[in-house]
Amino acid sequence: MNTESFYQQLQEICPGRRTLTRDVDLLPYESDALVAFSTKPAAVVLPESAEEVVAIVKVCYAAGVPFVARGSGTSLSGGSMPIKDGVVIALNRLNAIKHIDPEQRTAVVEPGVVNLHISNAVKQYGLYYAPDPSSQSICTIGGNVAFNSGGAHCLKYGMTSNHVLGLKVVLPDGEIVEFGSESLEGMGVGPDLIGLFVGSEGLFGIALEITVRLLPIPEQYKTVLAGYDTLEKAGDAVSAVVASGLLPGAMEIMDRLALKAAEAAVKTGYPEGAAAVLIVELEGESQQVEREFEHLVNVIEGSGAFEIQVAQNEAHRAKIWKGRKGAFSSVGRLSPDYIVQDGVVPRSQLGKALAEIEKVSNSYGLQVANVFHAGDGNLHPLILYNGREQGALEHAEALAGEILAICIKLGGTLTGEHGIGIEKRDYMPQLFSETDLDAMYAIRNRIDDKGIANPGKKLPGGEAPALKMHGMHPLEKAGIISRE
């Protein structure tokens, strides 16, 4: 490859400061939210149109240079981390909501649109976009599509894949394809190509336009917060709610350590001395919600809760959710570093999984804060460690692997919404057979014959990115920020 010619072509597509190659300019892109791992890319390009993205992909394909698309970099699995000597295609400037159809309840958006901005844009029509990751105020739709993101309300409404109706995609060789339908009914015709692309973590190319499904804003919310003196009781309460026939919009649990962090950051007013809290939210038509609310309160009162709070207004509801959605960042008050894990177990195995996680974390001598989507068994153990201690990160990663093994043993899986990325790829053979993995490789190789679209992610083996494991963010290493 003629390196000078390659960079010149990038500069022609994205002139001036829209093609970055200096070390200081590349620093913010060296890692995503999994900051314990970093890699320096060869270049970062900032396209402003779909046409520029396609042109960049074609140049990379011709030169055999790997690339990764990136939005806000909120990935917690290393999925949007750069490839060594590769190109980062930063899509934040492709942030247009191109079309809103209130009657069909759809919107066509570019990949750099922030998740929450869709709901803000369609609120005037009485509509909203349902998937709500904790990072929804900053994460982008392109990343949500890549990792099939969920959120607190995925119990009732499903994941990103349940809300994407159509995609316009540039494949790794520069070809543009479109699939899906503006009609929900049309999704069942032919192979589920959207289901194949959503969650593919960038291995199949880049989404240029996404047609999303919108829902009517619920007429009423009822949010209940219950405090328990044991984590087991909170887990049992989840089973009791589901067994009662209710289908809440969300059911979330936070344990004592997570509560300590959230309270310090938000002043939530959560029940004092609770070993765990359960948040249950009902939503829908007022008459239905009121009936279900009476039923829910009876179930919660019979579940052993020592304190029950009901959100009295929207401000109180927002405060309850602010504590939960800020739990990941709040844990930074308790520890200089932590790993966010993302395993899944059957709902019936929640209690057993939490007990085993506690046992194994004690054996490692590490604290684990538990925050999770209780309704669908999606665990988010936060493993606390100090990255400045020699071998601490490797020790924490080993515990993370043990937790994933527990999830698989109990009939669960490796990820509920954060993706496999680099962190979990080596655990894939524990979950999938050799035949399964061969099929995945065959599909990937057929779509990306040069293996340049986000190589080294998701699938074990093959070309892997050159990684640096460290306990400091790249900006900290450069002396730009400090944790002193």
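Before moving on, here are some points about what is shown:
- Over the stretch 1-157, the fraction of Cα-Cα pairs per 10 Å bin, rounded to whole percents and listed from the shortest bin up, is 11, 37, 31, 16, 5, 0.
- The stretch 97-216, Cα convex hull volume normalised per residue, Å³: 96 Å³
- At 1.567 mPa s and 4 °C, Stokes D of the stretch 331-428 from Kirkwood alpha-carbon radius, µm² per second: 97 µm²/s
- A simple spin-label model places the labels of Ala62 and Ser239 6.2 nm from each other, with each point 7 Å out along Cα-to-Cβ.
- Ranking Ile383, Gly401, Thr413 by how far each Cα lies toward the positive end of the dipole of the stretch 331-428 (charges on Cβ) leaves Thr413 at the top.
- The DSSP beta bridges internal to the chain are antiparallel in roughly 90% of cases.
- Dividing the C-alpha radius of gyration of the stretch 220-326 by 2.2 N^0.38 Å, with N its residue count, gives 0.99.
- Mean Cα-pair separation over length for the stretch 117-160, i.e. relative contact order, pairs under 8 Å, 6 or more apart, %: 37 percent
- Antiparallel DSSP beta bridges within the stretch 97-216, as percent of all bridges there, nearest 5: 100 percent
- Charged-residue dipole, Cβ positions (Lys, Arg, Asp, Glu), the chain about Cα centre, Debye nearest 20: 780 debye
- In percent, rounded to a whole number, the relative contact order of the chain is 16, using alpha-carbon pairs under 8 Å and six or more apart.
- Put simply, when 450-456, 297-303 are sorted by average Cβ atoms within 10 angstrom per residue, most first, you get 450-456, 297-303.
- Mean ellipticity per residue at 222 nm, deg cm²/dmol - from DSSP H runs of n ≥ 4 across the chain, formula -39500 (n - 2.57): -10000 deg cm²/dmol
- Rounded tilt (10° steps) of 256-266 against the dominant C-alpha axis of the chain: 70 degrees
- Gain upon complete extension [Ser363, Asn445; 0.36 nm per residue less C-alpha separation]: 25.3 nm
- Spin-label proximity, Ser49 to the stretch 112-131 - amide N less than 19 Å from point 7 Å beyond Cα toward beta carbon: 112-113
- Order of Thr39, Thr21 under a 10 Å beta carbon neighbour criterion, fewest first: Thr21, Thr39
- The structure-derived value of Cα Rg over 2.2 N^0.38 Å appears in the list (1) 0.97; (2) 1.17; (3) 1.21 under the label (1).
- For the stretch 229-262, no residue has its backbone nitrogen under 13 Å from a point 7 Å from the Cα of Gln220, taken along Cα to Cβ.
- Per-residue extension of 0.36 nm, minus the Cα-Cα distance of Thr3 and Lys123, leaves a gain of 38.4 nm for this segment.
- Over 24 Å [Cα-Cα, the stretch 149-306], rounded percent: 51 percent
- Where only C-alpha atoms are counted, convex hull volume of the stretch 310-357 per residue in Å³: 132 Å³
- Pairs exceeding a 19 Å alpha-carbon distance, out of Lys359/Lys424; Lys222/Lys322; Lys40/Lys325: Lys359/Lys424; Lys40/Lys325.
FYI, it's all coordinate maths here, none of it is from the lab. Note that the structure is predicted; figures quoted are calculated from it, not measured. Backbone-built Cβ (ideal geometry, glycine too); neighbour counts: all protein chains shown.
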